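The values are calculated or read from the model by the stated rules, or taken from the named source; none is laboratory data. Because the structure is a prediction, the values reported are computed rather than measured. Methodologically, a virtual Cβ is constructed for each residue, glycine included, from the backbone with ideal geometry; neighbour enumeration extends over all protein chains shown. Protein only, heavy atoms only, side chains kept; ligands, DNA and RNA dropped before computing areas. Shrake-Rupley method; radii C 1.70, N 1.55, O 1.52, S 1.80 Å.
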Amino acid sequence: RNRCQSLVLSGNTRNCFLTGNPDSYRNLIGKGLRCLLDVPHTSGQEVYRNANHSSGRFFSQSSQALGEKIPSLLISSVGQPPRHFAAWNIQINRSFHISPSLQAAPVPLFWIIVKPAQKLFAIILGRSIRNWWKALPPNKRELFKESARKNKWKILLGVSSLGVVFIMFYFTHLEETPITGRARLLVFGKEHFRELSQMEYDMWMEQFKSQMLPETDARYQVVERVVGHLSESNKDIPQVSALKWVIHVVDEPGVNAFVLPNGQVFVFTGLLDAVSDIHQLSFILGHEIAHAVLEHAAEKASLVHFLDFLSLIFLTMIWAICPRDSLAVVGQWIQSKLQEFMFDRPYSRTLEAEADKVGLQFAAKACVDVRASSVFWQQMELAEAIQGQPKLPEWLSTHPSHENRAEHLDRLIPEALKIRESCNCPSLSGPDPRLIFRLNMQHLLESSKGRGPPNSTKQDPSKPKLDFPNT
């Protein structure tokens, strides 16, 4: 057991990938004030909707049980390539991803109100400077320029001092990420996010109050047992054992799941329809738990607010320098897009890759067949291809592409298998799920020759993909 813990907490886990995007803040709606980091709801992100599989179940996996506590999710027989591949009846918005982390100001409501006021102040200040300069007589403009040239070193010293203050603030607020040990900026404390988590929890419960599955539902019990098994297997990690994990299963076709920083787990039934077996579901929930354990919500909000504060300086300059308001609006838009694509989205992708890595380790310690993790993202990529959706470049998204995600997990699987072995897990039996998927893909290509497009295949969407047990 000690060896198992040391593997997960060792320095080998420090290699990570950085990326992100300060997605736009949501308005506070409903009764009371509610803040959300809209990572999963931002434009350019991709969310699979209405995932209902046809009777042709083609993602065969070796499905070794995780013990009597967790019932298996069954699909087509192991190792049996299906006779044909029926198309998924999926509406794709652009990329499935999980976890709507908190991205609005998690600190008291003061920050929520001040954020738009700061931008408005910068715009008014910049515009006032421009109008003041235009109103100056030509001789006074020359005198002002001459004075600036004479005092250029003082001006440079003042600007440099401001830069030093920002740098000192950044480095004095660096902390280590739990488990991975990665250095990251953390401005907001955990207590602020506990407050905000409760507010967001109330919002979700209000929104889905009529769609919550009862605890007696087999699908609820599957999720409960998977989360319970993951948390029990990783209780040696303080951040896992410190949280009380509460399950909520929402009868909603969207392929989605997320965990709030206070341990509230939300899983949509669309996700249960999309996974092929218990191992894929365990990895996805491990990924979501990793987001909460690694405090990605607080980290992302900290970066967003730090960058937004820096951008106020450039926003003031844009409105002061541009000769017309229309040009200033264009300049402001360009500045926001540069920030989004150069900092926010790449940082978001880094956090997703880190959650994949740690979530895979959580799953390995729970004796999950970690080889199934990369297959899930290959399935998502195939579903997108079947629907004929155009492939957007990864840099446009807050999440890694399905292909890159699967490749990243494939590189991590050998280390995860070692962790699994060190935890005295039973040996994996049956063929590698990745091999089964490749065989099924070959069968799909062969069977599609001489046939119509996959969407023409008749299918019965009323038949569920997963066979959930009654207990």
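Exposed (fewer than 12 other Cβ atoms within 10 Å of the Cβ), within 30 Å of C367 (Cβ to Cβ) and either touching a strand residue (DSSP E or B) at 6+ places or on another chain (Cβ under 9 Å) or among the β-branched types (V, I, T) (or both) - does that describe any residue in the stretch 178-196?
No, every residue in the stretch 178-196 fails to be exposed (fewer than 12 other Cβ atoms within 10 Å of the Cβ), within 30 Å of C367 (Cβ to Cβ) and either touching a strand residue (DSSP E or B) at 6+ places or on another chain (Cβ under 9 Å) or among the β-branched types (V, I, T) (or both).
Of the numbered conditions (1) more than 15 Å from L294 (Cα to Cα); (2) surrounded by 15 or more Cβ atoms within 10 Å (Cβ to Cβ); (3) modelled with pLDDT of 95 or more; (4) not basic (K, R), E232 satisfies every one except a single condition; which is it?
Going through the list (1) more than 15 Å from L294 (Cα to Cα); (2) surrounded by 15 or more Cβ atoms within 10 Å (Cβ to Cβ); (3) modelled with pLDDT of 95 or more; (4) not basic (K, R), E232 breaks only (2).
Any residue in the stretch 389-403 that is more than 16 Å from Q378 (Cα to Cα) and in a helix (DSSP H, G or I) sitting within a Cβ distance under 7 Å of a residue that is among the small types (G, A, S) and open to solvent by less than 60 Å² (accessible area, probe 1.4 Å)? List the pairs, counting only those 6 or more apart or interchain.
L396/G44
In the stretch 314-331, which residues are in contact (Cβ under 8 Å) with a residue 40 or more places away in the chain and either in contact with a Leu (Cβ under 7 Å, 6 or more places away or on another chain) or surrounded by fewer than 18 Cβ atoms within 10 Å (Cβ to Cβ) (or both)?
T316, M317, I321, P323, D325
Examine the stretch 160-170 for a residue that is open to solvent by 80 Å² or more (accessible area, probe 1.4 Å) and either more than 32 Å from the chain's Cα centre (by Cα) or closer than 23 Å to D325 by Cβ (or both), and state whether such a residue exists.
Among the residues of the stretch 160-170, at least one is open to solvent by 80 Å² or more (accessible area, probe 1.4 Å) and either more than 32 Å from the chain's Cα centre (by Cα) or closer than 23 Å to D325 by Cβ (or both), which makes the answer yes.
Looking at this structure, is V250 open to solvent by less than 10 Å² (accessible area, probe 1.4 Å), in contact with a Lys or Arg (Cβ under 9 Å, 6 or more places away or on another chain), over 28 Å from T177 (Cα atoms) and of a type in the set (V, I, T)?
no
Identify all residues within the stretch 332-356 that are acidic (D, E) and touching a strand residue (DSSP E or B) at 6+ places or on another chain (Cβ under 9 Å); write none if there are none.
D344, E352
Can you name the number of the only condition in (1) under 20 Å from A385 (Cα atoms); (2) among the β-branched types (V, I, T); (3) at pLDDT 90 or above that I419 fails?
(1)
Take the residues of the stretch 111-135 that are under 18 Å from L310 (Cα atoms) and basic (K, R): which is most open to solvent (accessible area, probe 1.4 Å)?
Only one residue tops the list, namely K119.
What are the residue pairs meeting all of these: first residue in the stretch 132-149, first residue assigned to a helix (DSSP H, G or I), second residue open to solvent by 80 Å² or more (accessible area, probe 1.4 Å), Cβ atoms under 8 Å, and 6 or more apart or on different chains?
A148/I155
Restrict the check to the stretch 136-151 and report whether at least one residue is surrounded by 11 or more Cβ atoms within 10 Å (Cβ to Cβ) and in contact with a His (Cβ under 9 Å, 6 or more places away or on another chain).
no
Which residue out of P426, P431 is outside any helix (DSSP H, G or I), open to solvent by 60 Å² or more (accessible area, probe 1.4 Å) and touching a residue at least 60 places away in the same chain (Cβ under 8 Å)?
Going through P426, P431 in turn, just one is outside any helix (DSSP H, G or I), open to solvent by 60 Å² or more (accessible area, probe 1.4 Å) and touching a residue at least 60 places away in the same chain (Cβ under 8 Å): P426.
Please go through (1) at pLDDT 95 or above; (2) surrounded by fewer than 17 Cβ atoms within 10 Å (Cβ to Cβ) for L213 and return the number of the only condition it doesn't satisfy.
Condition not satisfied by L213: (2).
Determine which member of the set S241, S276 is modelled with pLDDT under 95, open to solvent by 10 Å² or more (accessible area, probe 1.4 Å) and closer than 25 Å to V370 by Cα.
Sole residue among the options that is modelled with pLDDT under 95, open to solvent by 10 Å² or more (accessible area, probe 1.4 Å) and closer than 25 Å to V370 by Cα: S241.
Of everything in the stretch 288-307, what is outside any helix (DSSP H, G or I) and either touching a Gly at 6+ places or on another chain (Cβ under 9 Å) or open to solvent by less than 10 Å² (accessible area, probe 1.4 Å) (or both)? Give them in sequence order.
Correct list: L294 only.
Filter the stretch 368-410 for residues that are under 30 Å from C423 (Cβ atoms) and among the aromatic types (F, W, Y) and give the result.
Across the stretch 368-410, the qualifying residues are F376, W377.
Taking the stretch 161-201, which residues are at pLDDT 90 or above, of a type in the set (D, E, K, R) and outside any loop (DSSP other than H, G, I, E, B)?
E175, E176, R184
Please enumerate the residues belonging to the stretch 250-287 that are in a helix (DSSP H, G or I) and of a type in the set (S, T, Y).
Across the stretch 250-287, the qualifying residues are T269, S282.
Hey, can you tell me all the residues within the stretch 349-403 that are open to solvent by less than 40 Å² (accessible area, probe 1.4 Å), more than 28 Å from K235 (Cα to Cα) and not β-branched (V, I, T)?
Hits for the stretch 349-403 are Q379, M380, L382, A383, E384, S397, H399, P400, S401, H402.
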